[in-house]
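As C-alpha cells, the structure follows; a few thoughts come after it.
The values are calculated or read from the model by the stated rules, or taken from the named source; none is laboratory data. Computed from a predicted model, the values in this text were never measured in an experiment. Glycine gets a Cβ as well: all are built from the backbone with ideal geometry, and neighbour counts include every protein chain shown. For the accessible areas, the whole protein counts, side chains as well, though only heavy atoms, and no ligand, DNA or RNA atoms are used. Shrake-Rupley method; radii C 1.70, N 1.55, O 1.52, S 1.80 Å.
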Amino acid sequence: MEKMKLTFVNVGYGEAILLECPDPARPGGAFVMVIDGGSGEDGEYRDRASGRVPLAEYLSAGKLDHIDVMVCTHVHEDHLCGLVPLPGRWPPGEFWQTLPESLHRSLGPLPPLPEASASQRKFLQSIADYRTLCAGVEAGGGVIRTISAGWEAGPCPGLTVRCLGPSRVRAAELAALYEDLHREKDPGVFRRKLASLDGAMNNYSAVLLLEYRGTRILLPGDTNRLGYGEIDPADLRAHIFKVGHHGQRDGADAALIQAVRPRAAVCCASSDRRYQSAHPELLRLLSDSGADLWFSDCPSGLDLPPHRALEFTVGAEGAFTAEYDRQEGADV
C-alpha cells in the first residue's frame, strides 16, 4: 500500500508542514498540502547551524511542482509570513483559513504604530501579509475557504481532513475582533486592542485532525491547553501529535495528553528554546505518557543531529516511521 509523507520543515521558531499523499489524479501523482509557512524574517535563518531553512527554499530544493492546498492555522508571523512567497511560484488551488473569505478585500491596511515593540511589529506584519497572501492566492486562480469546527474534506484517496476548532461561534468572534481592530481610530485604544488580539490569537488556531487510512495526526497550530474546551476529547485521539504553542509549558497538560494518547509527539521549538519553548516539564509529561519525542529544530540541551526537516512516512492503521533529514543546508 502506498504511504503518505508528512514533513516538518526546520524553520526555527515557527511551523511549516508539508504533506504529500499518493493520488494518481494529481500532477506528479501526489496531492500536496502546505500547512503554515514559518517566519518570513531573514534574521530567523541567519544562523543555519541547526539546519534551519526558509520554507520556499526548502520546497525549491525538493523540486516541488505544485501545491493543491495551502493552510494558515492563524495570523501570527511565525506561522503565516513564510507562506507569502508561495502563491507566486506554486499557485495553490485552495487556501484554507479561519477568517471570512472576503475579509481581506473589505479591510484596508492598518496605520503604522510608533515605537512598536518586537511583538507588535511581528503581529502587524502578519496582518499585512495576510492581505497580501489572500490577494496572491486569488491572483493565481485559487479559492479561499473558511474552515471551522465541523468542516471536513477528503482531498485525495485515503485522506480525510477534519477541522475540530475553532467553533463557528469562536470563528465569528475572531472575525469581529479583527474588523474592530481595523476600525479603531484612537491610537491608544488601537494599541490595547492590538495587544489583546495578539495574545488571544493562539486559541483561535485551526485545529486539524488528519486521518490517513486509519492513522490519525493532530495538528492544533498554536492552541494551548486551554483551547480544547469545545472539542470532544474522543476526537483528539491521535497516533502523531504536533504539540501546541511550540512546546511551551501551556501547550498541553496531563489531561490533554491522556485524551490524545500519542505514540509520537512533535515539538516545533527553536534551537535557542525561545520563549521557553520545548519546556522540560512538558517534554517530561509527553515522554512519561509513552510518546516518542521528535523536533523540527534542535532545541539546546538535547542530543539531536542538525537537520533541515523531520520526515514521517505514514501508512495505515497507526503505522509510521520518522527520521531527520540531514541533507544539504545542515551544518553537520
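Among the residues of region 202-236, those that are part of a helix (DSSP H, G or I), under 15 Å from V169 (Cβ atoms) and either without any contact (Cβ under 8 Å) to a residue 60 or more places away in the chain or among the hydroxyl-bearing types (S, T, Y) (or both) comprise N203, Y204. Residues that are open to solvent by 50 Å² or more (accessible area, probe 1.4 Å) and charged (D, E, K, R) were ranked within region 251-268; the one that is nearest to G12 (Cα to Cα) is R263.
You will find that of H307, H279, H245, the residue that is under 24 Å from E20 (Cβ atoms) and of a type outside the set (D, E) is H307 and no other.
Per the listing G82, G51, the residue uniquely at positive phi and not hydrophobic (A, V, I, L, M, F, W, C) is G51.
Scanning region 119-154 for residues that are under 17 Å from H79 (Cα atoms), in contact (Cβ under 8 Å) with a residue 12 or more places away in the chain and open to solvent by 60 Å² or more (accessible area, probe 1.4 Å) yields S119, Q125, R131, T132. Applying the condition of being touching a Gly at 6+ places or on another chain (Cβ under 9 Å) and more than 18 Å from L6 (Cα to Cα) to region 208-226 and asking which residue is most open to solvent (accessible area, probe 1.4 Å) yields R225. Looking across region 269-294, just one residue is closer than 23 Å to V11 by Cβ and without any contact (Cβ under 8 Å) to a residue 12 or more places away in the chain, and that is P280.
Condition check: open to solvent by 20 Å² or more (accessible area, probe 1.4 Å) and touching a strand residue (DSSP E or B) at 6+ places or on another chain (Cβ under 9 Å). Does R162 satisfy that? Yes: the conditions hold for R162. Applying the set (1) assigned to a helix (DSSP H, G or I); (2) free of Cβ contacts under 8 Å to residues at least 60 places away in the same chain; (3) over 24 Å from D272 (Cα atoms) to D250 leaves exactly one unmet item: (3).
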